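J.: This is the structure I want to talk about, given as structure tokens.
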Amino acid sequence: MIGQQMTLRRVQKTYGAVWAVRETDLEIGKGEFVSIVGPSGSGKTTLLTMIAGFETPTAGSIMVGGQDVTMLAPNRRNIGMVFQKYALFPHMTVRQNIEFPLRMRRLAKGRGLAERVDAMLDLVQLGALQHRYPHQLSGGQQQRVAVARALVFDPPVILMDEPLGALDKKLREAMQFEIKRLQERIGATVIYVTHDQEEALTMSDRVAVMHKGRLEQIGTPNNLYANPDNAFVADFVGSVNFIPGTVCGTDHLHVAIKVGNALVQVRTPQGRQAYRYEEGAAVRVAARPEHIAIAPYRDRDALSLSGTIETMVFAGASRTALVRLHEVPELVLRADVPSSISSLPDRGSNVALSFSVDALRIFDAEGTA
Ligand SMILES: Nc1ncnc2c1ncn2[C@@H]1O[C@H](COP(=O)(O)OP(=O)(O)OP(=O)(O)O)[C@@H](O)[C@H]1O
Ligand SMILES: [Mg+2]
């Protein structure tokens, strides 16, 4: 079995006056693993349930494996789905729940069926509980039954709506690995909704970011992290500092930005953001914590800012400094301090902050975007 290609064309969904999903185009390749992230209410579940066929788009079309499935009933689409609310059959045991897709599709019987169900029970570590009913299970156990039921028939397309949300960290990581392994074995195309951005970044070929019903950006984890299209994506994927400033000069290589009475240089945006920032425009400079270097105050130069260390946060090997910016006193920046640095600045000490010019990004000021 191999995965199928999927194409969404101008798909949208409204509930009365609510835009659950705004006009969305999306192309997903065979066997691709795509995650969807976004705040609560951004339209992730709505998008998934339209692809699965449990909701009908208000407009637009959905193609799976070259077939227009927009109006096709869910059970006629060859899709394995894990629902956000599990949706187990309450009158069936764990084992019967997992068997159900195989029986319904007449994909196996007798010993063959039993073996496939046993394999899934192993995978989700529920063999011992196979004769219980859903109401006799914990949330995390129910969720694992839902995962097993979605995967047991080797579907070419798998949609998962926060499938591991109820699990503890250890079990979650084990299941991430199993899902990935199974997906690769089947070659299935997967759309995976998660609140956990680290999960999205580690598991996926591409990550899509949704916000207020709109698909803001889709790209490889690396691309989203390094080249976010807008401040929302920059902020949602990874950690970022926004430093407010005013454009005070630009050429084809650099934009110079005045921050307080200091200067910061940012590489002139390319591609989709290649419009010119005019002198006097209010902007935000986006700097990831690892793109800010801390040095003794006396080492500051024309292109550094300065601040006072307020806190050092130790997290195993890495350290993060919280630095109150002299140029913008209401702002506290997070800067990563490499573990190799020999003498750490003390709390309360003044430091120079310099930036990796090529890694900085520039966005419109807050409220103007
Ligand atoms: N049946 C419905 N009737 C009216 N509004 C709905 C319905 N289903 C969803 N919505 C609204 O559509 C928007 C998108 O909801 P959706 O469930 O897709 O969000 P989500 O991104 O999955 O959020 P979460 O992360 O909380 O699961 C929300 O504003 C929600 O209130
Ligand atoms: Mg949801």
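J.: Would you point out which residue out of Gln84, Gln5 is at pLDDT below 95, surrounded by 15 or more Cβ atoms within 10 Å (Cβ to Cβ) and away from ligand 2 (no atom under 16 Å from the Cβ)?
T.: Answer to the check: Gln5.
J.: While we're on this one: Suppose we filter Gln142, Gln197, Gln183 for residues that are under 30 Å from Asp25 (Cβ atoms) and away from ligand 1 (no atom under 16 Å from the Cβ); which single one remains? Before you say what the answer is, go through the steps one by one.
T.: Details: Gln142 fails: under 30 Å from Asp25 (Cβ atoms); Gln197 fails: away from ligand 1 (no atom under 16 Å from the Cβ).
Of the residues listed, the single one that is under 30 Å from Asp25 (Cβ atoms) and away from ligand 1 (no atom under 16 Å from the Cβ) is Gln183.
J.: Still on this structure: Just need a number here: residues in region 87-112 that are part of a loop (DSSP other than H, G, I, E, B), without any contact (Cβ under 8 Å) to a residue 24 or more places away in the chain and surrounded by fewer than 12 Cβ atoms within 10 Å (Cβ to Cβ). Outline the logic, then answer.
T.: Step one: list which residues in region 87-112 are part of a loop (DSSP other than H, G, I, E, B), which gives 87-93, 105-109.
The next check asks that each one be without any contact (Cβ under 8 Å) to a residue 24 or more places away in the chain; those that pass are 106, 108-109.
Restricting the remaining residues to those that are surrounded by fewer than 12 Cβ atoms within 10 Å (Cβ to Cβ) gives 106, 109.
The qualifying residues number 2.
J.: Ok, one more. Got a sec? Which of Ala166, Ala119, Ala174 is at pLDDT below 90, assigned to a helix (DSSP H, G or I) and more than 27 Å from Gln5 (Cα to Cα)?
T.: Just a single option satisfies the conditions, and that option is Ala174.
J.: Just one of Gly165, Gly127, Gly139 is touching an Asp or Glu at 6+ places or on another chain (Cβ under 9 Å) and within 16 Å of ligand 2 (Cβ to nearest atom); which is it?
T.: That would be Gly165, the only listed residue that is touching an Asp or Glu at 6+ places or on another chain (Cβ under 9 Å) and within 16 Å of ligand 2 (Cβ to nearest atom).
J.: Out of His252, His211, I need the residue that is outside the structural domain of Val21 (by TED's automatic domain parsing) and more than 22 Å from Asp336 (Cβ to Cβ). Which one? Outline the logic, then answer.
T.: Details: His211 fails: outside the structural domain of Val21 (by TED's automatic domain parsing).
Result: His252 is the single residue among His252, His211 that is outside the structural domain of Val21 (by TED's automatic domain parsing) and more than 22 Å from Asp336 (Cβ to Cβ).
J.: Checking the condition β-branched (Val, Ile, Thr), out of contact with any Gly (no Cβ under 8 Å at 6 or more places or on another chain), in a strand (DSSP E or B) and at pLDDT below 90, which residue from Val266, Val313 passes?
T.: On the way: Val266 fails: at pLDDT below 90.
The conditions single out Val313.
J.: Restricting the search to region 50-75, which residues are in contact (Cβ under 8 Å) with a residue 40 or more places away in the chain and surrounded by fewer than 23 Cβ atoms within 10 Å (Cβ to Cβ)?
T.: Ala52, Glu55, Pro57, Thr58, Ala59, Gly60, Ser61, Met63, Gly65, Gly66
J.: Sort through Glu327, Glu310 and tell me the only one that's crowded, with 18+ Cβ neighbours inside 10 Å, touching a Leu at 6+ places or on another chain (Cβ under 6 Å) and acidic (Asp, Glu).
T.: Sole residue among the options that is crowded, with 18+ Cβ neighbours inside 10 Å, touching a Leu at 6+ places or on another chain (Cβ under 6 Å) and acidic (Asp, Glu): Glu327.
J.: Next up: When you check Val190 against the structure, is it in contact with a strand residue (DSSP E or B) (Cβ under 6 Å, 6 or more places away or on another chain) and within 16 Å of ligand 1 (Cβ to nearest atom), yes or no? Quick ask: steps written out before the conclusion?
T.: Values: in contact with a strand residue (DSSP E or B) (Cβ under 6 Å, 6 or more places away or on another chain): yes; within 16 Å of ligand 1 (Cβ to nearest atom): no.
Spelling it out, it is not the case that Val190 is in contact with a strand residue (DSSP E or B) (Cβ under 6 Å, 6 or more places away or on another chain) and within 16 Å of ligand 1 (Cβ to nearest atom).
J.: Within region 45-101, count every residue that is out of contact with any Pro (no Cβ under 7 Å at 6 or more places or on another chain), under 30 Å from Leu167 (Cα atoms) and β-branched (Val, Ile, Thr).
T.: The total comes to 7.
J.: Hey, another quick one. Please determine, by comparing only the residues of region 57-67 that are over 17 Å from Met81 (Cβ atoms) and at pLDDT below 95, which one is nearest to ligand 1 (Cβ to nearest atom).
T.: Among them, the one singled out is Gln67.
J.: State all residues of region 201-229 that are among the small types (Gly, Ala, Ser) and either more than 18 Å from Gly29 (Cα to Cα) or in a strand (DSSP E or B) (or both); if no residue qualifies, say none.
T.: Ala208, Gly213, Gly219, Ala226
J.: Right, here's the next one. For Glu198, which of the numbered conditions (1) out of contact with any helix residue (DSSP H, G or I) (no Cβ under 8 Å at 6 or more places or on another chain); (2) outside any strand (DSSP E or B); (3) in contact (Cβ under 8 Å) with a residue 40 or more places away in the chain fails to hold?
T.: (3)
J.: Now a separate question. With a cut-off of at least 1 residues that are under 18 Å from Met203 (Cβ atoms) and near ligand 1 (Cβ under 9 Å from one of its atoms), name the strands (runs of 3 or more DSSP E) lying wholly within region 1-56.
T.: Counting at least 1 such residues, we get 33-37.
J.: Name the residues in region 220-249 that are crowded, with 19+ Cβ neighbours inside 10 Å, within 12 Å of the chain's Cα centre (by Cα) and not hydrophobic (A, V, I, L, M, F, W, C), would you?
T.: Pro221
The values are calculated or read from the model by the stated rules, or taken from the named source; none is laboratory data. Only a predicted model underlies this, so the values are computations on that prediction, with no experimental measurement involved. Because the Cβ atoms are built from the backbone with ideal geometry, glycine has one as well, and the counts that use them run over all protein chains shown.
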